[in-house]
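Where a number appears in this text, it was derived from the coordinates with a stated rule and is not lab data. Source: prediction; values computed, not measured. All Cβ positions, even for glycine, are placed from backbone atoms using ideal geometry, and neighbour counts span all protein chains on display.
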Amino acid sequence: MFRKKIILLFLIIVSVNLTAQQKSYNILISFDGFRWDYPNRGITPNLEFIKQHGVHANSLKPCFPTKTFPNHYSIVTGLYPQNHGIIANTFYNPITEKMYRIGDTAAVRDPQNYTGEAIWETAKRQGVITASYFWPGSELTLDYRRPDYYEKYDHNRAYSKRIEGVLNWLKLPFNQRPKLITVYFDATDTYGHKFGTNSPEVTQSIMQLDSLIGKLFDGLKSLNLYDSTNVIIVSDHGMTDVDNVRIINIEEMLSGTKQKIVDSGPVMYIFPDTDDDKSKIYNLLKASEKNYKVYYREEIPEYLNFSKSFIIPPILIIAEPGWSLITNREVKKYNNMSVGGNHGYDNNYIDMHGIFFAIGPDFKNGYTCGTIQNIDINPLLAELLHIIPNQNIDGKFERIEFLLKNY
Ligand code: AMP
Ligand code: ZN
Ligand code: ZN
């Protein structure tokens, strides 16, 4: 009799636990370059709805450099770029001895460039199915490092197709259905770069992306999954206006030295040919240090979390917000640009901050908080997926748990 009771109790515990584990679906949406204050323009009814009925942070602080690949990968790994390896959109990797560029498919899929564990890898090890309709780091050539279902990046894929793809995964038989799906949209970044943050084109793209949330909600309702799905909307960074007046030709300044220059715009990396060149370059840049900051790797300020890796180049230049560091080749391009937008600057600069909105069964209702950090999203997702997060991360669940109902 007593044994029967014990067994019954055990079965109840197991089934309650299983129900809890199977409870929610989670959709992580990225709106590239959607600045923290775009939702204040009064043109985003769906974000407004989430603000009223879910949670919302005043801003989402990205990692430095405030670029697309480093930050998308920080969101899914919970690591600073110095620890996950994707330190920029364009960088030289001394491990592979090759350049990494986001337009180079072989580099983008090469697992050697990625030294973090993305949430889908952590989930897979613990038997949880995931999917990705685009996300930096989701296409690696090793099966176990990818989500169970994924799409290869296609910049021109219609946004409606992406939403349809997400919903199709949720139509799979229960035991094949992913518990986490990521999806990515570029419009606010693309038009922000081209036309600047106050352009009609950016206004249009803000409205377009907001309307996709409504379409996703409708789709979830028609699948009867709206009440069991957490929808989290983030951006990787913000955007600030740049122009052809605030430019600094670094290559010209360094004309008497031997070096390689990598990247341009808000951030530039210098690889001096010799130790002699190294000090010469540094001294030259230091002597004219105006509207930018120059650092040896060893003196990069601690708060940027961007010095503890040998992948980080020997000399780093960071422009003041709105300024652009350029090479000779780019003079023409900048001369032809009267106003545009860019990002990559110091992550303390508020224009570089993005958005965080979330709604669903696990989130509080009508709750707004201040700034949160994007590295904390990985442990948040782990909690939502009922998995144990990777222990070796920079993110902290304690800094974000208050957004959840049960905390
Ligand atoms: P950024 O230069 O930092 O503004 O990067 C934005 C660009 O990254 C977008 O316009 C896309 O072309 C590109 N991008 C975003 N996600 C991916 C991806 N998963 N694979 C390849 N390229 C991507
Ligand atoms: Zn971006
Ligand atoms: Zn961009």
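Mind listing the Cα extents of region 105-150 along all three principal axes, in Å, largest one first?
Cα spread of region 105-150 along its principal axes, largest to smallest: 28, 21, 14 Å.
Find out how many positive minus negative residues lie around residue 127, taking Lys and Arg as positive, Asp and Glu as negative, among other residues whose Cβ is under 12 Å from that of residue 127.
Value of the local net charge: +2.
Residue separation times 0.36 nm, minus the C-alpha to C-alpha distance between residue 330 and residue 58: what's the value?
Going from the current span to full extension adds 94.3 nm.
Looking at the chain, what % of its DSSP beta bridges pair antiparallel, to the nearest 5?
55 percent
When you have a sec, figure out the Kirkwood radius of region 245-336 from all distinct Cα pair distances and drop it here in Å to one decimal?
13.4 Å
Tabulate in residue order the Karplus-calculated ³J(HN,Hα) for region 139-155, using 6.51 cos²θ - 1.76 cosθ + 1.60 with θ = phi - 60°, rounded to whole Hz; enter x for Gly and Pro.
Here the 3J(HN,Hα) series is 10, 4, 6, 9, 3, 6, 9, 10, x, 4, 10, 7, 10, 6, 4, 9, 4 Hz.
Amide H to amide H, which residues 5 or more places from residue 300 or on other chains are under 5 Å from it, using H placed in the peptide plane?
So residue 300 has HN proximity to no qualifying residue.
If one computes the Cα centroid of region 191-242 and of region 355-404, what distance in Å separates the two points?
Each part's Cα centre sits 20 Å from the other's.
Where nothing but the Cβ of Lys and Arg (+1) and of Asp and Glu (-1) is charged, how large is the charge dipole of the chain around its Cα centre, in debye to the nearest 20?
1280 debye
So which chymotrypsin sites (Phe, Trp or Tyr not before Pro) in region 274-379 pass both tests, a DSSP loop state and at most 15 other Cβ atoms within 10 Å of the Cβ?
Passing sites in region 274-379 are 310.
Label 7 Å along Cα→Cβ of residue 371; region 227-248 residues with amide nitrogen under 19 Å?
Counting backbone N atoms under 19 Å from the label point, the list is 234-241.
With springs connecting C-alpha atoms under 10 Å apart, model the chain as a Gaussian network and identify which of 39, 313, 200 has the largest mean-square fluctuation.
Maximum fluctuation in the GNM of the chain, among the listed residues, is at 200.
Using a Förster distance of 41 angstrom, determine the FRET efficiency expected from the C-beta separation of residue 218 and residue 142, and round it to 0.05.
0.65
Based on alpha-carbon atoms only, what is the radius of gyration of region 156-290 relative to the globular estimate 2.2 N^0.38 Å?
Here the answer is 1.64, to two decimals.
Between region 126-140 and region 247-313, how far is it from one alpha carbon centroid to the other, in angstrom?
36 Å
List the lysines whose alpha-carbon lies under 17 Å from that of residue 171, not counting same-chain residues fewer than 8 positions away?
23, 161, 179, 215, 221
Pop out the ³J(HN,Hα) list for region 103-117 in order, Karplus 6.51 cos²θ - 1.76 cosθ + 1.60 with θ = phi - 60°, rounded to Hz; leave Gly and Pro as x.
Residue by residue, region 103-117 yields x, 9, 4, 4, 5, 5, 9, 7, x, 4, 7, 10, 9, x, 10 Hz.
Sequence-distant or interchain residues sharing an amide H contact under 5 Å with residue 363, placed H: which?
Amide H neighbours of residue 363, under 5 Å, 5+ apart: 405.
Per-residue ellipticity at 222 nm for the chain, helices alone: DSSP H runs ≥ 4 residues times -39500 (n - 2.57), over residue total, nearest 500 deg cm²/dmol?
-9500 deg cm²/dmol
In debye, nearest 20: dipole of region 245-336 around its Cα centre with unit charges on the Cβ of K, R (+) and D, E (-)?
260 debye
Order these peptides, 337-343, 162-168, by their mean beta-carbon neighbour count within 10 angstrom, highest first.
Peptide ranking by packing, descending: 337-343, 162-168.
Starting from the alpha-carbon convex hull of the chain, give the projected area averaged over all orientations, in nm².
One quarter of the hull surface, i.e. the mean projection, equals 21.6 nm².
Using modelled amide H (1.01 Å from N, peptide plane; none on Pro or chain starts), what sits under 5 Å from the amide H of residue 54, excluding residues fewer than 5 places away?
366, 367
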